[in-house]
Every structure is written in C-alpha cells, then in structure tokens.
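Scroll down for the structure; my scribbles are underneath it.
The values are calculated or read from the model by the stated rules, or taken from the named source; none is laboratory data. Quick caveat, the model's predicted, so the values are computed rather than measured. Here the Cβ positions follow ideal geometry from the backbone for every residue, glycine too, while neighbour counts run over all protein chains shown. For accessibility, only protein heavy atoms count, side chains too; no ligands or nucleic acids. Shrake-Rupley method; radii C 1.70, N 1.55, O 1.52, S 1.80 Å.
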Amino acid sequence: MKKHIIGAAVALGTLISTVSMSFAEELLVPHLTYRVGPFAANGTMGANAITDYFTMLNERDGGIGGLKVNPEECETGYNAQKGVECYESYRGKNPLMHIPNSTGITLQLLQKAPEDEVPIFTMGYGLSAAAKGETFPWAFNYPASYWSQMTSILSYIDSETGLKGKKIAFLYLDGGYGREPLPLLDKLEPKMGFETVRIPVAFADSQNQGSQWLTIRKEKPDWVIMWGWGVMNITAVKEAAKTRFPLDRFIGNWWSGGHVDVEALGMKAKGYKASNFTPAGRDFPVVQDVIKHVVSKGLTKTEPDMPGKVLYNRSLFMAVVMAEAIIEAQKLTGKANVTGADVRKGFEMIKLDEARLKELGFEGFTPVIGSCADHEGQGSIFVQQWNGKDWEKITDFIPPMTDIVQPLLTEAADAYKSDKPGWKTQNCS
Amino acid sequence: MFYKETGQFKSRYKDELAAFPLFEDKIGIGILGVLTFLVIPLFGLPGLNYEFAMGAIMIPCMIFIIMTLGLNILLGFAGQISLGTGAFSGVGAYAFYKFITIFPDINIIIALVLSGLVSAVVGVIFGLPSLKIKGFYLIVATLAAQFFLTWAFIRVAWLYNYNASGAIEGPNKEMFGIIMIGPQSAGMTRYYFVLVTLIVLTWLASNVIRGRIGRSWMMIRDMDIAAELIGIRPLVAKLSAFAFSSFYIGIAGALMVFFWLGAAEAESFDINHSFLYLFMVIIGGLGSITGSYMGAIFVWVVPVLIKEVGKSVFGFDAFVMENFSTILLGAMIIIILILEPHGLARLWQITKQKLRLWPFPY
C-alpha cells in the first residue's frame with residue numbers, strides 16, 4: 001500500500017512540474033471557446049474558423065512576421081466563471097489579446113484588461129460603450145456596436161415601410177446580451193415616433209416561446225426585431241411561421257442570422273431577414289485558401305461543409321482583424337515578437353478598407369477603420385434574407401445613425417467610469 | 001504510531017477542550033499555517049503560474065470552503081436541506097455591492113459583515129417553511145427562493161444600480177491605504193484577506209457548533225420530536241441554523257464576486273451553483289468542518305488540475321479536457337460515495353485510525 005501511495009505521489013509530482021511551460025518564440029493568441037454547453041453548435045463553428053485562419057497563416061505565410069501564431073484554446077462552455085479561470089491561465093505567457101466570445105465574460109474582463117495591459121477584442125458583442133476609445137483604451141468592438149446595429153436595422157425598416165407611428169416588437173434573450181439595446185430603444189422611441197413592445201425570452205424558455213408569440217399575435221406589431229442566440233432563434237422563426245406572422249417583417253440581429261438558425265426549417269423559414277456584416281459564401285479567396293491549406297489537408301476539426309456559412313465566415317473575419325492588429329503592431333515596433341500593449345496600439349491603427357479587404361480576400365465584408373477615439377469603427381451592416389436554401393444579401397451597406405448613437409455611447413461610457421475611481425482613460429486629441 | 005492519544009497527557013481541563021488536542025494535529029495545522037501564510041503567497045503553487053495559482057485555485061477554493069461551511073451548517077448539522085445556496089450567495093454579493101456604492105467610504109469588513117447579515121435575514125425568511133415541512137417539501141420551498149431571488153437579480157434594476165450591462169462590478173476600494181478590491185488590487189492582498197476571513201469564520205463555526213446552539217441544531221437533526229421534548233425550541237434552532245448558514249453563504253457570495261471574479265451577472269448565482277455547493281458538502285462529508293474543506297478543495301481543484309495536465313502534458317484539446325474533467329469528476333464522486341458514503345472527512349478519519357496502528361496493524 002505504502003509503495004502505491006509513494007508511487008502515486010511521485011507520478012503526480014512529475015505531472016505537476018511538467019505543467020509549467022516554457023514558451024517558445026511564438027505569438028500567443030488566447031482563444032476562449034465554447035465547444036461544449038448549450039451554445040456548442042454555434043461555438044464550435046466560430047472556434048474552428050479562428051483556429052483555421054491562424055493555421056492557414058502558419059501554413060501559407062509561415063505565421064505573421066515570421067513568427068508562428070499559436071491560437072491556444074481554453075474552453076469556457078459560455079460560463080463566466082470558467083471564462084475568468086481561462087483568463088487567469090494565460091497570465092505570464094505574454095498573451096497578445098483576449099477574445100472572450102461571450103458578453104458575460106467580457107464584462108468580467110473589461111476591468112482587468114487595463115491592469116494586465118492586454119487588449120480585449122469583442123467583434124459584434126460585448127459592451128456597446130466600449131466603442132469609446134478614450135474611456136475604454138483596452139477594449140475594441142469592431143466593426144460596430146449593438147447600438148449602431150440597432151439604428152441600422154431601424155433605418156432599414158424606415159426605408160421599407162416608414163418608422164413613424166409603427167409598432168415594433170422587440171424579442172430578446174433575457175440576459176446581458178439581449179438587454180443591451182433597451183436603453184437605446186428608450187431614447188429612440190420618443191425621438192423617432194415609433195412604439196416598441198418588449199418581449200423577453202428567458203434562457204430556459206428558449207425552446208418554448210408559445211406565450212411570447214401569443215403576445216405578438218395579440219399586439220399585431222408591424223415588425224419584429226429579434227436579439228436571439230442559440231436554439232432561441234430557430235424556435236422563434238418556427239413559431240413565427242406557425243402563427244403566420246409575415247416573415248419578411250421579422251428581422252434578426254447578426255447573431256440571429258446564421259445557417260444553423262434556419263437550415264433545418266428550409267422553405268418554411270423563407271423570407272426571414274437578419275442583419276449581417278460578413279457575407280456568407282465559399283467563393284471568397286480567403287475561404288478557398290482555408291479550404292486548400294487547412295481543411296483539405298485535414299489539419300482541423302472543421303467539417304467540409306462548414307466554411308462559407310455565416311458564422312464561420314464571421315469568425316474568419318474576426319481572425320483577420322486580430323491578425324491585422326498584430327501586423328500593425330509589428331510595423332509600429334519594428335519587431336516580430338510584440339506584446340499586448342503593442343497590439344492595443346495596432347488595434348487603434350487598423351485600416352481594413354475596401355482595398356485591403358480585397359487584398360486579403362475578404363471583398364464585400366464591412367470595412368474596419370479604427371482610431372484612438374473610435375473603437376467600434378461605426379461600421380455599416382447589410383440585410384440578408386433566407387431564400388429557403390441560403391442567405392441572400394438584399395441591401396447595400398446601411399450606415400448607423402451616428403449622430404444619435406455616438407452621444408448615447410459617450411453617456412454610457414461616462415456612466416460606466418463614474419463609479420470606478422482610478423479607471424484608466426486615455427486622451428486622443 | 002501517529003495520532004495516538006496514549007502518552008499525550010493532559011494536565012489541564014483547557015487542554016481537554018482544545019480544538020486540536022493531539023500533537024500530530026498541532027504539527028499538521030502548523031505546517032498548513034506556514035504554507036498558507038508564507039509559502040503559497042510568496043511562491044505560488046509548484047509548477048503553476050503564480051497569478052493562475054492565486055486567481056484560479058487558491059482564492060476560489062477558500063471562498064468555496066466558506067460557502068460549503070455555510071451549507072454544511074444547515075444541511076450537515078441542522079439537517080435542513082436547501083437548494084437555495086446559489087441565490088443566498090447572490091443576496092450577499094448584491095448587498096455588498098449596494099453597501100459599497102451607497103456608502104463609498106464604508107470599511108470593507110463592515111460592508112462584508114452587513115451583507116452577511118442581509119443574507120441571514122433573507123435566509124430566515126425563506127427558512128420559515130422549515131418549521132412546518134421537512135425533506136423533499138423543504139427542497140421545494142428553497143427552490144422557490146432560488147428562482148425568486150435570481151429573478152429579482154435580473155428584474156430589480158436598483159440592485160445593480162441601473163447598469164446597462166446588468167452586472168455588478170467591483171470598483172477599486174481601499175482599506176488602510178491598500179487597494180483591497182477592484183481591478184487594481186493585487187492577487188496577494190485579496191488572498192490574505194480571504195484567508196483571514198476563512199480562518200475567522202472557521203473558528204467561529206467550530207465554536208458555535210461545539211456550543212449550546214450547535215448542539216441544539218444536531219438534536220433537531222437527529223430527532224426533532226425528542227429534541228423538542230428535551231426543551232429545544234424548534235423555531236429558534238431551525239431559524240438560527242438558517243440565519244447562521246445564510247450569513248456564511250452571503251459572505252462567501254460577496255467574496256466570490258469582489259475578491260475573485262471582479263464582476264458578476266445573475267448567472268453566477270443560478271441553480272447550477274446551488275448544486276455545485278451541495279456536491280461539495282456531500283463529497284466532503286455532512287456535519288464535518290474538515291469535510292467542508294476537503295469537499296470544496298476536491299470539487300474545485302481536481303477539474304482545474306485535470307484540465308491543466310491534460311492540456312499541457314498530453315496535449316489534448318481544451319474542449320476534450322473540459323468534457324473529460326466533467327466525466328472524471330462525476331465518476332470520482334460516484335466512486336467515493338460508493339466506497340465511503342460519509343465523504344472525504346470519514347476517509348480522513350479512517351486514515352488516522354489506520355495511522356495509529358500503522359507499522360503493526362492487527
């Protein structure tokens with residue numbers, strides 16, 4: 001017995017001592033994923049795309065600036081506590097940035113980032129107010145904040161049917177993410193003369209929206225806007241079709257317009273709309289490169305039909321913005337092995353205009369142009385429609401109502417720092 | 001050979017009543033003290049990054065021990081089962097947040113005690129049904145507390161100061177000139193604060209449990225009718241157990257958000273956390289303070305270590321290890337409960353028994 005115990009202790013000791021790692025010359029990009037848990041179907045797609053893009057860079061170009069990129073994954077299961085645990089596990093390894101992949105985790109990390117000097121990049125999610133670079137030097141939410149997106153959707157509705165005097169139902173996931181646009185709606189309602197009916201869907205009720213759609217039938221709104229995620233989306237579209245709500249008046253945000261959300265419904269979901277900033281399709285040169293260098297070589301867990309889907313392409317785009325920030329940081333410092341603080345400056349100097357996007361194989365994606373003061377880029381979105389088989393882009397880029405959103409963002413950013421003495425800001429003028 | 005009472009003579013009554021009467025226990029506690037007060041805060045854990053060791057293992061572990069202690073008082077000592085632990089910890093956290101934002105100059109210790117008291121009051125209110133109902137029926141009543149409170153954390157915007165994010169966030173806050181909480185606080189400061197809180201609360205719990213109140217809890221647990229006949233008032237005994245337990249859980253909740261996570265949404269206080277704390281108590285051993293320590297450490301550290309080892313030694317993917325650690329932890333829980341239904345505390349007791357006879361067992 002004693003021998004066994006000693007043996008076990010020795011084995012455990014060696015295991016633990018080998019856990020401490022020495023890191024080679026590489027660019028560590030921590031990558032918080034959720035391949036397990038309630039949103040795993042969406043999370044796996046995104047996680048694969050980011051890893052694939054960096055693998056492709058390593059295979060095709062030998063990394064960035066001569067150094068291989070290591071997109072090291074840490075599994076959060078979309079759980080905020082696990083997210084913090086993951087964040088801690090990258091300490092001391094020179095992480096270049098963090099991508100929390102969850103609004104809940106983002107909120108926890110926002111305060112830690114300035115102290116640890118590692119930027120946080122949240123594409124298409126996170127805190128809207130982080131768009132204000134002067135208040136949030138360490139957070140970026142290119143290409144647009146949720147609030148910007150909401151105004152783009154509203155101006156689309158305005159161009160279709162007019163907005164004044166209309167009744168809009170806002171169906172949202174009852175969590176930090178879904179409640180994000182509520183303060184904006186409070187402000188816009190009187191200003192623009194429309195009326196909203198707010199209908200929360202508790203996370204546990206995602207698959208059971210009978211009462212919500214009964215409300216919608218009763219209220220007879222002109223439009224339904226949805227802030228949904230995961231299985232809530234497909235349930236909502238199904239319910240809408242069942243209750244004969246005209247699907248072309250039902251518009252989801254960019255997290256409610258993936259292939260997983262409508263594919264299973266097929267023709268039944270025909271007409272459903274969603275906003276987007278990353279067009280679907282496999283014809284983009286970058287998607288072809290990923291297929292050629294990574295997927296067909298079997299260097300990934302990606303299924304052959306995944307590339308080209310909305311969420312996959314979006315995460316590829318996320319990865320290219322990350323890579324671009326590293327490239328800018330390398331240009332700025334003149335060395336390949338950059339730090340988190342350098343990458344933060346890289347994010348501010350990002351200039352993914354149409355020419356650069358075309359060069360990288362992303363023609364038709366929303367341009368991302370950052371600056372010190374503007375960490376969201378105020379990017380435009382377009383509206384896509386499900387034709388029964390695939391998503392079809394039906395509008396040009398619709399810019400956000402900058403004059404309305406920006407003052408509100410400033411207000412929100414000021415409110416955020418107001419109860420945080422010692423909050424680190426920066427001066428951009 | 002070890003842990004033998006024979007030969008350890010006591011010449012004073014005080015020694016009889018000491019928390020650790022045995023010489024070996026004193027040495028053990030001494031080593032633990034040196035480790036936790038000097039070695040770990042200075043050097044971290046072997047093989048792990050210092051901040052990771054502090055932020056992902058030591059600090060959460062100690063907070064969960066307080067949480068487990070609290071639940072163990074209710075479940076293990078007073079025999080009242082509760083599934084509202086997650087929500088009661090939330091009450092503590094939100095109360096602490098309100099105290100430090102309404103009174104920005106409040107001392108952290110005072111705010112912590114006050115938020116524990118708020119949680120205790122809420123615990124007593126939801127503990128009232130325990131006077132009428134027992135067992136499964138009481139579970140349902142505490143479940144109602146769980147769902148009602150998490151609903152309130154989302155719906156009552158006053159609780160999170162009308163933040164757009166709906167989350168409570170820890171601002172930087174000083175005590176005696178040192179930043180104790182908030183993003184600018186050092187891991188070491190928070191570690192020491194949580195450690196001292198843990199020791200104070202353990203000392204308090206062990207004394208209360210050995211005293212009149214604790215004995216009345218155990219009498220209620222073992223046979224409530226007999227206890228009532230002897231002269232224990234169930235009302236006082238049961239409600240004091242709820243109050244005491246919620247006080248601990250509330251403090252643990254406040255520590256969890258402000259000394260560990262930094263920010264939290266209602267999600268951090270959901271039913272899954274209630275289950276997690278229940279596992280910690282059951283794995284550790286009902287009605288044992290040592291068990292609370294062991295259960296919390298086991299349930300929290302084992303998955304973290306499995307994941308780290310799997311990732312860096314064997315090179316498995318993160319999500320594979322995530323699933324694997326869940327499976328392995330579940331399997332270990334089942335195995336432990338089959339081999340030793342009374343939890344790790346009982347295993348430790350058996351080990352001590354064996355050690356007494358060790359080189360020459362008969």
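Quick look at the values:
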read-out	value
Condition broken by B:Arg346, with the remaining ones in (1) closer than 14 Å to B:Val299 by Cβ; (2) in contact (Cβ under 8 Å) with a residue 24 or more places away in the chain satisfied	(1)
Members of the range A:106-146 that are more than 10 Å from every other protein chain (Cβ to nearest Cβ), of a type in the set (A, V, I, L, M) and touching a residue at least 24 places away in the same chain (Cβ under 8 Å)	A:Val118, A:Met123, A:Ala130, A:Ala131, A:Ala139, A:Ala144
Residue in the range A:356-371 that is outside the structural domain of A:Val237 (by TED's automatic domain parsing), surrounded by 15 or more Cβ atoms within 10 Å (Cβ to Cβ) and at positive phi present	yes
The range A:403-418, residues that are touching a strand residue (DSSP E or B) at 6+ places or on another chain (Cβ under 9 Å), open to solvent by 50 Å² or more (accessible area, probe 1.4 Å) and either on the phi > 0 side of the Ramachandran plot or not β-branched (Val, Ile, Thr) (or both)	A:Asp414
Residue in the range A:391-405 that is in the same structural domain as A:Leu185 (by TED's automatic domain parsing) and touching a His at 6+ places or on another chain (Cβ under 8 Å) present	yes
Filter pass, A:Phe382 being touching a helix residue (DSSP H, G or I) at 6+ places or on another chain (Cβ under 6 Å) and away from every other protein chain (no Cβ under 14 Å)	no
Answer from B:Lys98, B:Lys132 - the residue that is charged (D, E, K, R) and more than 21 Å from A:Asp419 (Cβ to Cβ)	B:Lys132
Pick from the range B:290-325, criterion of a type in the set (A, V, I, L, M) and facing chain A (nearest Cβ under 8 Å), ranking: surrounded by the fewest Cβ atoms within 10 Å (Cβ to Cβ)	B:Val313
Residue among B:Phe147, B:Phe103, B:Phe99 that is in contact with a Leu (Cβ under 6 Å, 6 or more places away or on another chain) and within 14 Å of another protein chain (Cβ to nearest Cβ)	B:Phe99
Number of positions in the range B:172-186 that are under 21 Å from B:Gly253 (Cβ atoms), touching a helix residue (DSSP H, G or I) at 6+ places or on another chain (Cβ under 7 Å) and open to solvent by 10 Å² or more (accessible area, probe 1.4 Å)	4
Failed item, numbered, when B:Gly116 is tested on (1) open to solvent by less than 10 Å² (accessible area, probe 1.4 Å); (2) out of contact with any Gly (no Cβ under 6 Å at 6 or more places or on another chain); (3) not hydrophobic (A, V, I, L, M, F, W, C)	(2)
Tally, over the range A:81-96, of residues that are in contact (Cβ under 8 Å) with a residue 24 or more places away in the chain and either open to solvent by 10 Å² or more (accessible area, probe 1.4 Å) or more than 8 Å from every other protein chain (Cβ to nearest Cβ) (or both)	9
Pick from the range A:154-173, criterion among the aliphatic types (A, V, I, L, M) and within 23 Å of A:Gly124 (Cβ to Cβ), ranking: most open to solvent (accessible area, probe 1.4 Å)	A:Leu173
Criterion violated by A:Gly193 - all others in (1) among the small types (Gly, Ala, Ser); (2) at pLDDT 90 or above; (3) more than 30 Å from A:Arg217 (Cα to Cα) satisfied	(3)
Listing of helices (runs of 4 or more DSSP H) fully contained in the range A:295-387 that carry 2 or more residues being touching a residue at least 24 places away in the same chain (Cβ under 8 Å) and among the hydrophobic types (A, V, I, L, M, F, W, C)	A:310-333, A:340-348
Matching entry among A:Ala41, A:Ala24 (being out of contact with any strand residue (DSSP E or B) (no Cβ under 7 Å at 6 or more places or on another chain), open to solvent by 60 Å² or more (accessible area, probe 1.4 Å), modelled with pLDDT under 90 and within 18 Å of A:Thr339 (Cβ to Cβ))	A:Ala24
Filtered residue count, the range A:32-53, keeping only those that are hydrophobic (A, V, I, L, M, F, W, C) and assigned to a loop (DSSP other than H, G, I, E, B)	2
One residue from B:Thr150, B:Thr85 being of a type outside the set (A, V, I, L, M, F, W, C), touching a residue at least 60 places away in the same chain (Cβ under 8 Å) and open to solvent by 10 Å² or more (accessible area, probe 1.4 Å)	B:Thr150
Subset tally (residues that are crowded, with 16+ Cβ neighbours inside 10 Å and more than 17 Å from A:Phe397 (Cα to Cα)) for the range A:264-280	6
Selection status of A:Val343, within 19 Å of A:Met123 (Cα to Cα), more than 18 Å from the chain's Cα centre (by Cα) and either modelled with pLDDT under 90 or of a type in the set (D, E, K, R) (or both)	no
Hits in the range B:122-139 - residues which are at pLDDT 90 or above and open to solvent by 90 Å² or more (accessible area, probe 1.4 Å)	B:Ile125
Flag for A:Ile99 being within 16 Å of the chain's Cα centre (by Cα), surrounded by 22 or more Cβ atoms within 10 Å (Cβ to Cβ), of a type in the set (Val, Ile, Thr) and more than 12 Å from chain B (Cβ to nearest Cβ)	yes
Residue that is surrounded by fewer than 14 Cβ atoms within 10 Å (Cβ to Cβ) and not assigned by TED's automatic domain parsing to the domain that holds A:Gly361, where the choices are A:Asn253, A:Asn208, A:Asn233	A:Asn208
Considering residues of the range B:153-171 that are without any contact (Cβ under 8 Å) to a residue 12 or more places away in the chain and open to solvent by 30 Å² or more (accessible area, probe 1.4 Å) only, the residue nearest to the other protein chains (Cβ to nearest Cβ)	B:Ala164
Residues located in the range A:174-192, provided they are without any contact (Cβ under 8 Å) to a residue 60 or more places away in the chain and open to solvent by 20 Å² or more (accessible area, probe 1.4 Å)	A:Asp174, A:Arg179, A:Leu182, A:Asp186, A:Glu189, A:Pro190, A:Met192
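Here's the yes/no breakdown for (1) open to solvent by 90 Å² or more (accessible area, probe 1.4 Å); (2) touching a Leu at 6+ places or on another chain (Cβ under 9 Å); (3) basic (Lys, Arg); (4) more than 29 Å from A:Gly83 (Cα to Cα):
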residue	(1), (2), (3), (4)
B:Lys10	no, no, yes, yes
B:Lys14	yes, no, yes, yes
B:Phe23	yes, no, no, yes
B:Phe37	no, yes, no, no
B:Asn49	no, no, no, no
B:Ala53	no, yes, no, no
B:Ala56	no, yes, no, no
B:Phe64	no, yes, no, no
